[in-house]
Amino acid sequence: TIRVESTRVTLDTVVIAFCEGATAEEIAERFPALSLGGIYAAIAFYLQNRAGVDAYLKRREAEAEQIRMKVESRPETKEFRKRLLARMSGNGSA
């Protein structure tokens with residue numbers, strides 16, 4: 001996982017926000033742990049290495065999907081989800 005500066009904010013987060021039209025200043029408002037300079041550096045890195053970063057983002061997305069599917073396939077996850085949905089709808093007493 002590539003992180004921006006010495007924070008827990010990932011490059012993915014900054015690049016996705018930028019691609020959705022957020023300015024560096026708006027990203028800084030969303031993620032106060034990042035400096036404006038760090039955000040600009042991450043955006044510049046993305047723009048200079050777009051193909052590589054896009055490939056990296058696709059790999060991360062595929063990995064996240066595999067993890068989600070693995071977690072959701074576990075029996076205890078299915079039961080927990082069922083109880084949670086019942087509680088949210090007001091039909092469960094769990």
- Note on the structure: Filtering the range 29-64 down to residues that are free of Cβ contacts under 8 Å to residues at least 12 places away in the same chain, more than 16 Å from Cys19 (Cα to Cα) and of a type in the set (D, E, K, R) yields Glu29, Arg59, Glu63
- Tabulated pairs, the range 2-18, first closer than 15 Å to Arg30 by Cβ and touching a residue at least 40 places away in the same chain (Cβ under 8 Å), second of a type in the set (S, T, N, Q) and open to solvent by 40 Å² or more (accessible area, probe 1.4 Å), C-beta under 9 angstrom, 6+ apart or interchain: Leu11/Thr1; Asp12/Thr1
- Task: For the range 1-45, enumerate the residues that are charged (D, E, K, R) and surrounded by fewer than 18 Cβ atoms within 10 Å (Cβ to Cβ).
- Result: Arg3, Glu5, Arg8, Glu20, Glu25, Glu26, Glu29, Arg30
- Note on the structure: Those residues of the range 1-57 which are of a type in the set (Asp, Glu), outside any helix (DSSP H, G or I) and within 16 Å of the chain's Cα centre (by Cα) amount to Glu20
- Query: Just a yes or no: is a residue in the range 78-90 touching a Leu at 6+ places or on another chain (Cβ under 9 Å) and either at pLDDT 95 or above or outside any helix (DSSP H, G or I) (or both)?
  - Reply: no
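The values are calculated or read from the model by the stated rules, or taken from the named source; none is laboratory data. Quantities reported herein were computed from a predicted structural model and do not represent experimental measurements. Using ideal geometry, Cβ is built from the backbone for each residue, glycine included, and neighbour counts are taken over all protein chains shown. Protein only, heavy atoms only, side chains kept; ligands, DNA and RNA dropped before computing areas. Shrake-Rupley method; radii C 1.70, N 1.55, O 1.52, S 1.80 Å.
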